[in-house]
1. What FRET efficiency do you get for Leu298 and Thr62 if R0 is 45 Å and r is their Cβ-Cβ distance, rounded to the nearest 0.05?
2. Subtracting the Cα-Cα distance from 0.36 nm times the residue separation, let me have the gained length for Glu260 to Glu78 in nm, one decimal.
3. Which peptide among 229-238, 73-82 comes first, and what is the full order, when sorted by highest mean count of other Cβ atoms within 10 Å?
4. At 25 °C and 0.890 mPa s, what whole-number value in µm²/s does Stokes-Einstein give for the translational diffusion of the chain, with Rh from the Kirkwood sum over Cα pairs?
5. Restricting to lysines 8 or more places apart or on different chains, can you count the pairs in segment 161-302 with Cα atoms under 19 Å from each other?
6. With every protein chain in place, what's the accessible area of His70 (1.4 Å probe, Å², nearest 10)?
7. Given the rule -39500 (n - 2.57) for each run of at least 4 DSSP H residues, summed and divided by the residues of the chain, what is its mean residue ellipticity at 222 nm, to the nearest 500 deg cm²/dmol?
8. Stretch Thr164-Thr144 to full length: gain in nm at 0.36 nm per residue minus the Cα-Cα span?
Amino acid sequence: KLSYQHRLGFGSGNPTGKIPLGLKRKGLRIVVTGGAGFVGSHLVDRLIARGDSVMVVDNFFTGRKENVMHHFGNPNFELIRHDVVEPLLLEVDQIYHLACPASPTNVVGTLNMLGLAKRVGARFLLTSTSEVYGDPLQHPQKETYWGNVNPIGVRSCYDEGKRTAETLTMDYHRGVGVEVRIARIFNTYGPRMCIDDGRVVSNFVAQALRKEPLTVYGDGKQTRSFQYVSDLVEGLMRLMEGEHVGPFNLGNPGEFTMLELAEVVQETIDPNAKIEFRQNTEDDPHKRKPDIERAKELLGWEPKVSLRKGLPLMVSDFRQRIFGDHKEGS
Ligand code: NAD
Ligand code: UDP
Ligand code: UDP
């Protein structure tokens, strides 16, 4: 079995696995599962720009070829249509595991990618979620908080799936020495986000552009903290390259109620957009805000893009995708 250090050619004299400063390393071979999705495709852009060879593994369940099409023809880029629930044999240095069917098969996909990491000595990064904190009783949430998750609720499949994925990741780390990293991602938005998957930011933006009312669930006083995608990608790369396993919260501590978010969307797109209240879903977390002290201290990372700065960047992308090029309004 190869270790990650040997794989990168630094031998065991480099126990942290950190690439020594000043040493010009060769391009890495990196798998990004879910790389045709929203976050994955932005990560792929950065890795390709850095000079690495990137293999995207995606079954296009929610991802789109359009998100990575601009790399077609680049010899450093490969797109593999594959469901991570099935085993996969590749030779790679790093695995960013983003593919996440919102079903119990999430666990199987993670197991396979950990098996792959073990066989080839690759470093494995899991994109977990703030949902592992459930409806949190601690505010803001620190990584040491174990969470308040309903195991049999309507959202449990996603939350518990990610909690199990974290468990598997730590078991492969402790049990067979796989180098692992765990990110707990808080609500993230930006260009290429799915238009119709029901997330609040994509809903509000699409609704405002289409001159439909913004649908606020419940009383709209529940809070979330919204992170722009470039900040997340920077955090994921620092985590992968750094020497700490985590888990690390990656999120923007700027906290908004859904009504405040609706106001920002009105200011950005259409001050006359109406608000319509709808019944909330069951088990909706009341508040969520990351404590990011650990990432600040150990990764030297913090978000740079505020909601008011980031939202317009997403709006121009949505405008184009909804109305086509150069057409404004209906
Ligand atoms: P996304 O749906 O855009 O991307 C997921 C990608 O995985 C898609 O391209 C999809 O086609 C692919 N995929 C799904 N099941 C697959 C399978 N079985 N085999 C191969 N590919 C498969 O979602 P995203 O927002 O980019 O999320 C990326 C990761 O970050 C996910 O693991 C998600 O749980 C995590 N995350 C995201 C957020 C957020 O706010 N965006 C928050 C917390 C955690
Ligand atoms: N696996 C994979 N690619 C590999 C190595 C393993 O997809 O390169 C899968 C394998 O099919 C198995 C899972 O990863 O289902 C776990 O592998 P591991 O070797 O840890 O477990 P074992 O096969 O010994 O149960
Ligand atoms: N929400 C809303 N209107 C919508 C979609 C969602 O008010 O059209 C609320 C939802 O009830 C939740 C919050 O927005 O309180 C965030 O929902 P999302 O699904 O985006 O993220 P998550 O709940 O997974 O953090």
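1. 0.90
2. Full extension from Glu260 to Glu78 adds 61.4 nm.
3. 229-238, 73-82
4. 119
5. Eligible lysine pairs with Cα atoms under 19 Å apart amount to 5.
6. Solvent-accessible area, nearest 10 Å²: 110 Å².
7. Working: 9 runs with 113 residues, N = 330.
Taken over the chain, the calculation gives -11000 deg cm²/dmol.
8. That works out to 5.5 nm of additional length.
The values are calculated or read from the model by the stated rules, or taken from the named source; none is laboratory data. Quick caveat: nothing in here was measured; it's all calculated off a predicted structure. Cβ atoms come from the backbone with ideal geometry, glycine included; neighbour counts cover every protein chain shown. Protein only, heavy atoms only, side chains kept; ligands, DNA and RNA dropped before computing areas. Shrake-Rupley method; radii C 1.70, N 1.55, O 1.52, S 1.80 Å.
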